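The values are calculated or read from the model by the stated rules, or taken from the named source; none is laboratory data. No experiment lies behind these values; they were computed from the predicted model shown. In this analysis, Cβ positions are derived from the backbone assuming ideal geometry, glycine residues included, and neighbour counts consider all displayed protein chains.
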Amino acid sequence: MSVTVLTAEERISHATQLQLTWWRFRKHKVALVSGVIILLFYLVVVLADFLATSDPHATDARRSFIPPQAIHLFDDGKFRPHVYGLKGIRDPRTFRLRYAPDPERKLPIRFLGRGYDYNLLGLIPTNIHLFSVEDAGPVDGIFLLGTDQLGRDLWSRLIVATRISLSIGLAGVGVSLVLGVLLGGISGLYGGTVDTIIQRLIELLRSVPTIPLWMGLAASLPADWSVLQVYFAITLIISLIGWTDLARVVRGRFMALRTEDFILAAELAGASRGRIIFRHMLPSFFSHIIAATSLALPAMIISETSLSFLGLGLRPPAISWGILLQDAQSVQSLALAPWLLCSAVPVIVAILAFNFLGDGLRDAADPYG
Amino acid sequence: MLAYCLRRLALALVTIWSISVLTFIIIQLPPGDFADAYIAQLSSSGSTVSLDEVASLREMYGLGQPMHVQYFKWLSRMVVGDFGYSMEWRRPVVDVIGDRLWLTLAISVAALIVTWGLALPIGIYSAVRQYSAGDYLFTLVGFIGLAVPNFLLALILMYLGYTMFGLSVGGLFSPEFEQAPWSWAKFLDLLTHMILPTIVLATAGTAYLIRIMRANLLDELRMPYVVTARAKGLPEWRVIMKYPVRVALNPFASSVGYIFPHIVSGSIIISLVLALPTVGPLLLRALVAQDMFLAGTIVLLLGVLTVIGTFVSDLLLMWIDPRIRFQIH
Amino acid sequence: MSGALLSVQDLVVHFHQDEGILRALEGVSFEVHRGRTLGLVGESGCGKSVTARSILRIVDRPGRIVSGRINLDGRRGEPPIDLTALPANSRRMRAIRGGRIGLVFQEPMTSLSVNYTVGNQIAEVVREHQGLSRAAAHARAIELLRDVGIPRPERRVDEYPFQLSGGLRQRVMIAVALAGDPDILIADEPTTALDVTTQAQILNLMRRLQREKNLALILITHDMGVIAEMADEVAVMYLGRIVERGPVDQIFHAPRHPYTRLLLRSIPSVLAEPRTPLATISGSVPHPYQRPSGCPFHPRCPDHIPATCEAAMPAETATADGGCVRCYAAEHT
């Protein structure tokens, strides 16, 4: 029995920091599941057009406000997934045209069928999509989450919006990370006046209500900017605030490490400053940075979504979660098409998953603690 | 102690000053200057402006002069309460903002109080009864509270209110009170309308503070001084309330400084969803219409109010922690 | 022995955790008498502090007293009370905590709260147990501070712990423990965090107070030097059991258990030959989840008897001087 104890202890003492973090992280089941969910999200980001069923930009007045369709897996006891076709009915009271499923017409779902043209991974031109139905009539199609007022398929739009919303979050965190590690590192390594100035700057940024400032900055972006220009500008604006948290983490770690014995030992052994920073200090809080990054992402996503929701962030024809939620802004439109609120689901799931993942990573980042 | 106060005050003033610079930049960002916009505005409505008038306008705002001159002219007018003129509303900015600023403040402060009032007892409960069913429930609710952006929460609650109760929630006053002068009845009406926005605004902050309180209190509960207090024979609730809770209040009080800006920010967005007569919708409209004096004033005033809120929470922190009072850290 | 103020019998304390049951105490028995000092020694993790907390019934969750008795002699001829039978947070138990048994804790830095004045933390005990008014309790706090040898107590009483030195803080801790006028004082590593001269002062203070108030003292330490100086009786603990108990002279001069002998050999001595290495005990205390079978000390024991020691825990054997020992090797010699 004592033999196994020894080997377990040896295993721990020989493991690298990342291995230790991973071992501890594996114990957090919720964080692990969240990690998988986030991987799936980013898979959607990569394969967005492949997963979409119809062109997210194509409008068709005839397809306005079609409710979500149910998928039927079996037909006559055989596995043959299909959706029902649609028929228009007039509401006897409001005389508005509504769509209802027509059980008479079964539209089989085909896999890897052809649809609108796109570039897979941004490189390979193709028109193959994961699933679709053969178009039988002008309003027929597969509308997993229904359509909006302009007849655009919500599922496809949501899939494509995921690409923009998650990548803008990632880009924002990337910029924040550079700023945070740089300024936090300088602050923590050099201390003194530089540290005081950076700390005051962080306090200042944190004590300002950010949304009005963002709104001001975002509103002053020229109206004739292209989608791409606005995208980068918004990324910069949201990362202006996000870096402060990361900088605090990095600074705190540097401060704590400066007095650690193993750093002193490295200094006494004559290691150069650069070697100490990159070989000894950075690896020992690499996992903290990952955790802080994961916790910073939800704030980025919320910021982008909020700004776009207000109409000050990304602008159509760009599609993001915030832009989709703009359609769901009033009770009137929600009463008419409650499925528009579906756009809220990925926002909430993604933010939850990033929070859980970040929490699990943060706990795991202190493997000796 | 005085030094601490002064340092905080100095920081607050510096913050206000930087907000003013940022605001000025925002005002300056759109192409063209105020006079151009004013002329365009007037001529679009059919009236004409004399060259003299334009010249005096340019003189008054220092247009055409170097940026820092313009900034100081603008700032000195702001300090004496002259916030400029709203082009869209054709009225002084002060009149346009009117009560809206105080309503924004009322909602934000109410949300802050609710945040404190909920987070403190729930945080204590969650830490003391760690891993109990209640703790798990609050942790779960807290996570969801953190994950749902508040405009989305407002949207969902509004939709639920509409479909389940047929209520049209929104606004801060019933129609009969909207134009009425202030009275007790109007105040009560305001209070009932404030419940929903307050809850929406308080959710995220409460969830965040519960986590802070719980984590800190859990750390404190393991400290030796808690054992000492138990060994004294004090009742358990006094042991917890007098010692670890008191210590855990420090990070709690200091995070209020960070919560308040978020609440003020949130009030801007949810005001749009819930159609609240706060400065939120006004700001959005001003920004879209590039009515920059109005927009700038709102940003500046919100910033100043927030800084004051943070300053007050710093004073609270000092009152709680004797170490700050005695300058030992 | 009769007339014991506190007698602990076969105390078993377990911590039920996700990883399994942590057997912190596995049948601990000892007695303490008025005016006498029991020294409880052992390496860290052997259950000394859990013993102290079990007596006060403040073992942290998920710790639980599984069996055993803790009998406290009644005051003024009242019948003895079994503390294990009282609910931990009952009024009677709380009256005993601080009122009959005082605890001095190991960390003078962290065992006092920085948020309240010294006087507040002492007076609160006085008010809880003697029901004095605020003003009277304050006056009593000053008196107690004077008792524990703090200079200018009228001023110190309104200071915060972080304004005091380590030695003064430990004196305040003792004043807190004595504020309820207890008969028993449990001192858990009272001098570990202090420098050597302060240590001696604190030990002298405790000896003086013990004499003045006729206190029974339970002194928990891993420092055999402190034991030699203070204790009348010694109980040596290893992994939740008392492996040897006896009068201090017998323990130091004729130790029976191999563990006691090793502990004694690891005391640095000024009489030792210069530059000879200090004796150490090979290996370390096993993790409580992986308690070795039989006598848990056998993997580290120099007198290990193959096949015997692994098989079963040796029984407690009484010795002529009123002590006891748990060891097969000791029985044979």
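Taken over the stretch A:181-198, the criterion of being closer than 25 Å to residue B:304 by Cα and surrounded by 15 or more Cβ atoms within 10 Å (Cβ to Cβ) is satisfied by A:198 alone. Any residue at all in the stretch C:194-205 that is within 16 Å of the chain's Cα centre (by Cα) and of a type outside the set (D, E, K, R)? Within the stretch C:194-205, one or more residues are within 16 Å of the chain's Cα centre (by Cα) and of a type outside the set (D, E, K, R).
Of the candidates B:281, B:261, the single residue that is part of a helix (DSSP H, G or I) and surrounded by fewer than 24 Cβ atoms within 10 Å (Cβ to Cβ) is B:281.
Just a yes or no: is a residue in the stretch C:129-140 away from every other protein chain (no Cβ under 12 Å) and touching a Ser or Thr at 6+ places or on another chain (Cβ under 8 Å)? Scanning the stretch C:129-140 turns up no residue that is away from every other protein chain (no Cβ under 12 Å) and touching a Ser or Thr at 6+ places or on another chain (Cβ under 8 Å). Name the residue, out of B:145, B:171, that is assigned by TED's automatic domain parsing to the domain that holds residue B:268, within 22 Å of residue A:326 (Cα to Cα) and either touching a strand residue (DSSP E or B) at 6+ places or on another chain (Cβ under 7 Å) or not in a helix (DSSP H, G or I) (or both). Answer to the check: B:171. For the stretch C:2-34, taking the residues that are of a type in the set (Ser, Thr, Tyr) and over 17 Å from residue C:48 (Cβ atoms), the one that is surrounded by the fewest Cβ atoms within 10 Å (Cβ to Cβ) is identified as C:2. If you go through the stretch A:219-236 and keep only what is within 14 Å of residue A:315 (Cβ to Cβ) and hydrophobic (A, V, I, L, M, F, W, C), you end up with A:219, A:221, A:223, A:225, A:227, A:228, A:230, A:232, A:233, A:234. Restricted to the stretch C:78-95, and to residues there that are of a type in the set (S, T, N, Q) and within 14 Å of chain B (Cβ to nearest Cβ), the residue that is surrounded by the fewest Cβ atoms within 10 Å (Cβ to Cβ) is C:90.
Just so you know, in the stretch B:120-134 the residues that are in contact (Cβ under 8 Å) with a residue 24 or more places away in the chain and crowded, with 17+ Cβ neighbours inside 10 Å include one that is farthest from the other protein chains (Cβ to nearest Cβ), and it is B:122. For the stretch B:90-134, the set of residues classified as closer than 30 Å to residue B:27 by Cα and among the β-branched types (Val, Ile, Thr) consists of B:93, B:94, B:96, B:97, B:104, B:107, B:109, listed by residue number. Against the test of being out of contact with any helix residue (DSSP H, G or I) (no Cβ under 7 Å at 6 or more places or on another chain), part of a loop (DSSP other than H, G, I, E, B), at pLDDT below 85 and away from chain B (no Cβ under 14 Å), the options A:228, A:150 yield a single qualifying residue, A:150. A single entry from B:233, B:205 fulfils the requirement of being touching a His at 6+ places or on another chain (Cβ under 7 Å) and without any contact (Cβ under 8 Å) to a residue 60 or more places away in the chain: B:233. Within the stretch A:287-314, being surrounded by fewer than 23 Cβ atoms within 10 Å (Cβ to Cβ), over 21 Å from residue B:208 (Cα atoms), within 12 Å of another protein chain (Cβ to nearest Cβ) and in contact (Cβ under 8 Å) with a residue 60 or more places away in the chain holds for no residue.
Taking the conditions exactly as written (touching a residue at least 40 places away in the same chain (Cβ under 8 Å) and either under 23 Å from residue C:25 (Cα atoms) or within 7 Å of chain B (Cβ to nearest Cβ) (or both)), does residue C:75 satisfy them or not? No; evaluated as a whole, the condition is false for this residue.
Candidates in the stretch B:288-299 are the residues that are facing chain A (nearest Cβ under 9 Å) and in contact (Cβ under 8 Å) with a residue 24 or more places away in the chain; of these, the one that is farthest from residue B:79 (Cα to Cα) is B:290. Scanning the stretch B:93-117 for residues being more than 14 Å from residue B:277 (Cβ to Cβ), outside the structural domain of residue B:302 (by TED's automatic domain parsing) and crowded, with 16+ Cβ neighbours inside 10 Å gives a total of 1. Looking at the stretch A:283-342, the helices (runs of 4 or more DSSP H) lying wholly inside it that each contain 2 or more residues that are touching a Gly at 6+ places or on another chain (Cβ under 6 Å) sit at A:286-310.
Tell me which residues, restricted to the stretch B:253-271, are of a type outside the set (Ser, Thr, Tyr) and more than 7 Å from chain A (Cβ to nearest Cβ).
First, the residues of the stretch B:253-271 that are of a type outside the set (Ser, Thr, Tyr): B:253, B:256-257, B:259-264, B:266, B:268-270.
Residues satisfying the conditions are B:253, B:256, B:259, B:260, B:262, B:263, B:266, B:270.
Examine the stretch A:347-354 for a residue that is assigned by TED's automatic domain parsing to the domain that holds residue A:189, part of a helix (DSSP H, G or I) and not aliphatic (A, V, I, L, M), and state whether such a residue exists. The answer is yes, given that some residue of the stretch A:347-354 is assigned by TED's automatic domain parsing to the domain that holds residue A:189, part of a helix (DSSP H, G or I) and not aliphatic (A, V, I, L, M). Apart from one condition, residue C:188 fits all of (1) in contact with a Phe, Trp or Tyr (Cβ under 6 Å, 6 or more places away or on another chain); (2) of a type outside the set (Ser, Thr, Tyr); (3) away from every other protein chain (no Cβ under 14 Å); the exception is (3). Here are B:208, B:225, B:243: which of them is surrounded by fewer than 22 Cβ atoms within 10 Å (Cβ to Cβ) and among the hydroxyl-bearing types (Ser, Thr, Tyr)? Testing whether each residue is surrounded by fewer than 22 Cβ atoms within 10 Å (Cβ to Cβ) and among the hydroxyl-bearing types (Ser, Thr, Tyr) leaves just B:208.
Just one of the listed residues (B:163, B:203) is in contact with a Pro (Cβ under 8 Å, 6 or more places away or on another chain), closer than 30 Å to residue A:335 by Cα and within 14 Å of another protein chain (Cβ to nearest Cβ), namely B:163. Against the conditions (1) crowded, with 17+ Cβ neighbours inside 10 Å; (2) over 14 Å from residue B:273 (Cα atoms); (3) among the hydroxyl-bearing types (Ser, Thr, Tyr), residue B:162 satisfies every one except (2).
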